[in-house]
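Asker: If you scroll down you'll find the structure; I have some questions about it.
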Amino acid sequence: MERNDSTKPVYRDAERNYKERFQFIYSVNDNFICQRYFKINGFIIDSVNSLELKEALDECVMLLKDDLKSKSRVYMWYNSSSPVQMTGFDGKNEKTWLEYPENAVTFNEPDEKLNPYDVTFNFKFMMDNKVVYEYIWDGTCYPKYVRNSVDITNSGSSYRDRDQTMLSYSQSLNKAMTYGRMDLSHYIIKRICEAMSGDPERKYTKYDIYDNVEGHFEDGKFVHDVITDCKEYAYNSYNKKYVNEWRKHTMKKTLDYFDGTIPSKN
């Protein structure tokens, strides 16, 4: 603990220990939904610019989008004004299709006049406070209630310890949305750690060799040409600027070594 001139304690060590090297942030319109700091034991630096990490993070985004989609379907079913297919009695008559009573308590929302991307969801994975991966998608397709009550932990704290026969409408709705769903915050951390750690000799996919099929006419016939190309999996690595500066620094020395001509990879 250190003290400044105002004699108030400054817990700098505690703050440093709290913020780990890695974090992910999930937000809507710049409002944080979930932020998690975490460690990666056995971290492998080559994983940062790899296809394996991108696939892992794409999977995390897919799970977040599927979570919103599923909860939107539940919400729309609970608040549908259409007749519900269920067997019951309307007075003395048995019916298969029942209407919601006029005094039913629902969360029907007024029509929103939103343009695409007026509401946006954002997922970021960061390393050393630098963005490694970011994905943004349109959130106007989800009901307002779902957008304003996102809980990726799916904790169920509002209904778990209560009499299940006495749940309020909002508690019943929350239970239907979250019951049996996994804690996505825990899974995301686990998935990222799996992609960025393990055997120190682990090989990562840094680029892909692929063929482009083109063609030309020769003697009246179409001839296919196969052109081999290379696609590198380079993302917003935390050390990208450092690598570029070092490359510039060593370029002259490399050119001098090869008499001004760098030989082909082939």
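Computed from the coordinates by the stated procedures, all read-outs in this text should not be read as laboratory data. Just so we're clear, the structure is a prediction, and the values are computed from it rather than from any experiment. As a convention, Cβ positions derive from the backbone with ideal geometry for all residues, glycine included, and neighbour counts pool all protein chains shown.
Asker: What is the set of long-range amide H partners of residue 114 at a cut-off below 5 Å, with H atoms built 1.01 Å from backbone N?
Answerer: For residue 114, no residues qualify.
Asker: Follow-up. Residue by residue through region 120-130, which ³J(HN,Hα) values in whole Hz follow from phi under the Karplus form 6.51 cos²θ - 1.76 cosθ + 1.60 (θ = phi - 60°), with glycine and proline marked x?
Answerer: 10, 9, 9, 10, 10, 10, 10, 9, 6, 6, 10
Asker: Extending each Cα 7 Å along its Cβ direction at residue 38 and residue 149, get the distance between those two points in nm, one decimal.
Answerer: Simple spin-label model gives 2.7 nm for this pair.
Asker: Okay, next question. Take each of the peptides 168-181, 30-43, average the number of other beta-carbon atoms within 10 Å over its residues, and list them starting from the highest.
Answerer: Highest mean packing first, the order is 168-181, 30-43.
Asker: In sequence order, what are the phi-derived ³J(HN,Hα) couplings for region 143-158 according to the Karplus relation 6.51 cos²θ - 1.76 cosθ + 1.60 with θ = phi - 60°, rounded to whole Hz, with x for glycine and proline?
Answerer: x, 4, 4, 5, 4, 8, 9, 6, 9, 7, 7, 6, 5, x, 5, 6
Asker: Here's a follow-up. Where the centroid of each part is defined by its Cα atoms, how far is region 171-192 from region 106-170 in Å?
Answerer: Taking the Cα centre of each part, region 171-192 and region 106-170 sit 12 Å apart.
Asker: Using the basic label-point model (7 angstrom from Cα toward the beta carbon), what is the residue 63 to residue 194 distance in nanometres?
Answerer: With each label placed 7 Å out from Cα toward Cβ, I get 0.8 nm.
Asker: Please give the FRET efficiency for residue 166 paired with residue 19, using the beta carbon to beta carbon distance and R0 = 41 Å, rounded to the nearest 0.05.
Answerer: Calculated value: 0.45.
Asker: Could you list which residues have their amide H under 5 Å from that of residue 132, counting only those 5 or more apart in sequence or on another chain, with H placed in the peptide plane?
Answerer: 125, 126, 127
Asker: On to the next question. Could you tell me which of the pairs 39/71; 19/124; 65/124 are separated by over 19 angstrom between their Cα atoms in the structure shown?
Answerer: 39/71
Asker: Okay, next question. Evaluate the distance, in nm, between pseudo-label points positioned 7 Å from the Cα of residue 70 and of residue 54 along their respective Cα→Cβ axes.
Answerer: About 2.8 nm, to one decimal.
Asker: Sticking with this one: Skipping prolines and chain starts, which residues have an amide H placed within reach, meaning under 5 Å, of the one on residue 120, given they are 5 or more residues away or on another chain?
Answerer: Amide H neighbours of residue 120: 29, 139.
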